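Each remark here refers to the structure printed beneath this line.
The values are calculated or read from the model by the stated rules, or taken from the named source; none is laboratory data. This is a predicted model, so every value here is computed, not measured. Quick reminder, even Gly has a Cβ in these numbers, built from the backbone with ideal geometry, and neighbours come from all protein chains shown.
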């Protein structure tokens, strides 16, 4: 079985924090691969705040190109909207029976996880790797879910919203973005 980490998100845009975390998870958490699942419509985000779906997918494809442990996935483009992680994981499991899927989630989202559609199903069926986020220090993991665990990845204080806001303010953010994304997205 191939151990695949599912890193889903808007990637609005994808940045070096995403890639560094995925790399860390492959090298230190024994995942064989990390698949970046681009979400066309996250139920917790306003669609108007997102760049075009295809553009976000192209940026992720450009960012992961040439690294064999990373893959860009558009599976949610063919699923009903809004995108629910439980449906994504089930579709991936059906389409890739040779893979064991591990769900990657930030500590900030873990705090909201009880509000996610069928969150109990996700916790029962898939190992969950929670990565640290600043301000989320009191992570509680239910004892009945031993496959849910906090990973000790380096803390990265970079977010897509920070990059968008900095760019709008005229800041040079070239070192926060992979080169291929920087050329594609902001042309500096």
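Residue 184 meets all of the listed conditions (1) touching a residue at least 60 places away in the same chain (Cβ under 8 Å); (2) under 18 Å from residue 22 (Cβ atoms) but one, namely (2).
If I filter the stretch 33-65 down to residues being out of contact with any strand residue (DSSP E or B) (no Cβ under 6 Å at 6 or more places or on another chain), outside any helix (DSSP H, G or I) and modelled with pLDDT of 95 or more, which single residue comes out as surrounded by the fewest Cβ atoms within 10 Å (Cβ to Cβ)? Of everything passing the filter in the stretch 33-65, 65 is surrounded by the fewest Cβ atoms within 10 Å (Cβ to Cβ). Condition check for residue 81 on (1) closer than 25 Å to residue 3 by Cβ; (2) over 16 Å from the mean Cα position of the chain (by Cα): one failure, at (1).
Of all the residues in the stretch 85-107, those that are in a helix (DSSP H, G or I) and touching a residue at least 40 places away in the same chain (Cβ under 8 Å) number 5. Evaluate the stretch 167-183: report whether one residue or more is under 14 Å from the mean Cα position of the chain (by Cα) and closer than 18 Å to residue 11 by Cα. No, that holds for no residue. Of all residues being in contact with a helix residue (DSSP H, G or I) (Cβ under 8 Å, 6 or more places away or on another chain) and assigned to a strand (DSSP E or B) in the stretch 108-152, which is surrounded by the fewest Cβ atoms within 10 Å (Cβ to Cβ)? Just the residue, please. Checked the stretch 108-152; the qualifying residue surrounded by the fewest Cβ atoms within 10 Å (Cβ to Cβ) is 150.
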